[in-house]
Amino acid sequence: MPVSPLPSNPNLDHLKHQAKDLLKAHASRSPQIAQIIREFHPRFAKSADSEILSAELKLSDAQLTIARRHGFPSWPRMKQRIENPMLADRLDLPHHERIEDSLFRRAVDLLDAGDAAALRALLREHPKLARQHVDLEGTNYFRHPTLLEFIAENPTRRGSLPKNIVEVAKVILDAGTSREALNETLALVASSLVARQSGSQIALIDLLCDYGADPNSGTRVAAIHSEFAAVEELIRRGARVDTPIAAAMGRVEEARQLLPGASGEDRHWALAVASQFGHLEIVRMLLDAEEDPNRYNPVGGHSHSTPLHQAAAAGRLEMARLLVERGARLDLRDTMWNATPAEWAAHEKKSEVEEYLREVEKRSGT
């Protein structure tokens, strides 16, 4: 979810203006605004652009959308954070330094230090710590983590994991946790760059699955972040290969076999990941099945952008050509930086793609 964190000194009046601007953009029937509303207003999570843009929006709807876009569950909660900030609201600090509960912070410090013995003793003395959540709102994810979720180092806090992180994780697991926390932790581990670089990602995946985590909970997030070794391990542990996973992995024949029975959501995901990773034949297959190249990507799959944005940023010239030839619009702007695919290519210094897109823009008068 592409949350936009609040600046260090947020201004409530400015945020009120953002809500009013959103209402104006909604009235202008902007597809970019439709995507923002779909992602951040719970009532419109499954709605098509036409439904969103024809709906009557109130100022309270716009304010809720703005608050959730900044990582808060409601406008009053965001207002409280601005007017009476607490330590947990310090977005300039790493997550562990924002923890207000001293016992929970002690547990995280022991986890980070790899002190399994002291952590075990602390959890025996305070068993509720293993299932406790802390509130760390205002960022993309990791807003209500349990202690177990800190083992993934995702989001990055210190940039490393202790060498005995598997032992430390087992200490927490033995103290008890919920299925929800297991699955959330698995997704964080499977998509964690630090866990992979530390050499512990696969061992942590296996440990979590041994304790009952659902391997399907980590596949898509791992795939979208190019953690393909993690995806393969999750498949080995029983995760199903659905259309999005086949598309992300470039498994053409599996994708072909799965496509007829795929849901609309799965096809949407498949086009997003296949475009991102350059699997031309799979994208062609999806476009032949009338998947729309101008839909913004699904929530959790770089939803601030379109398939053409992702192809442009990755420098995939042939993919960009295919998408444009099949109707992809060059003027759609992403919802975070308000940039076109050509501007994404320029930012990433993908000159061939940028030149191609600029030439098409020139010919079409875009």
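Nothing in this text is a laboratory measurement; each read-out follows from the coordinates by a stated rule. Quick caveat: nothing in here was measured; it's all calculated off a predicted structure. We place every Cβ from the backbone using ideal geometry, glycine too, and count neighbours over all the protein chains shown.
Annotation: extensible slack from Glu180 through Glu352 equals 57.4 nm (criterion: 0.36 nm per residue apart, minus Cα-Cα distance).
Look at Trp269, Trp75 and count the other Cβ atoms within 10 Å of each Cβ; fewest to most, that gives Trp75, Trp269. Relative to one another, the C-alpha centroids of segment 32-61 and segment 68-103 are positioned 26 Å apart. According to the calculation over all Cα-Cα pairs in segment 3-120, the P(r) per 5 Å bin from zero is 2, 11, 18, 17, 12, 11, 9, 8, 5, 4, 2, 1, 0 %. Taking segment 337-356 and a reference point 7 angstrom along Cα→Cβ of Arg329, the backbone N atoms nearer than 19 Å belong to 337-345.
Distance between the modelled labels on Glu232 and Lys128, one decimal in nanometres: 4.6 nm (7 Å Cα→Cβ projection).
Over the chain, DSSP H runs of length four or greater, each weighted -39,500 (n - 2.57), average out per residue to a 222 nm ellipticity of -16000 deg cm²/dmol. With 27 Å as the limit on Cα-Cα distance, the pairs of Lys20/Lys46; Lys163/Lys349; Lys24/Lys79; Lys79/Lys128; Lys128/Lys170; Lys46/Lys170 that go past it are Lys163/Lys349; Lys79/Lys128; Lys46/Lys170. Taking other C-beta atoms within 10 Å as the exposure proxy, Phe142, Phe228 rank Phe228, Phe142 from fewest upward.
When the Gaussian network model of the chain links Cα atoms closer than 10 Å, the mean-square fluctuations of Gln132, Gln35, Gln201 top out at Gln132. Scaling against 2.2 N^0.38 Å puts the C-alpha radius of gyration of segment 95-238 at 0.96. Backbone N atoms of segment 47-73 closer than 17 Å to the 7 Å Cα→Cβ label point of Asn338 belong to residues 66, 70. Could you point to the residue in Phe277, Val353, Ala255 farthest towards the positive end of segment 244-364's charge dipole, with +1 and -1 charges on the Cβ of Lys/Arg and Asp/Glu respectively? About the Cα centre, the residue reaching furthest to the positive side is Val353. Remark: His225, His133, His70, His95 ranked as His133, His225, His95, His70, counting other beta-carbon atoms within 10 Å and listing the fewest first. Taken over the Cα atoms of the chain, the convex hull encloses 142 Å³ per residue.
Comparing mean-square fluctuations of Pro31, Pro127, Pro298 from a GNM of the chain with C-alpha springs under 10 Å, the top value falls on Pro127. Determine the distance separating the Cα centre of segment 262-306 from the Cα centre of segment 322-366; give it in Å without decimals. Using only Cα atoms to place each centre, the spacing works out to 17 Å.
Eigen-decomposition of the gyration tensor built on the alpha-carbon atoms of segment 283-364 gives equivalent ellipsoid semi-axes of 18, 16, 11 angstrom, largest listed first. Got a sec? Which residues in segment 181-219 would a label at Glu265 touch, if it sits 7 Å along Cα→Cβ and we count backbone N under 11 Å? Once the point is set 7 Å along Cα→Cβ of Glu265, nothing inside segment 181-219 turns out to lie under 11 Å by backbone N.
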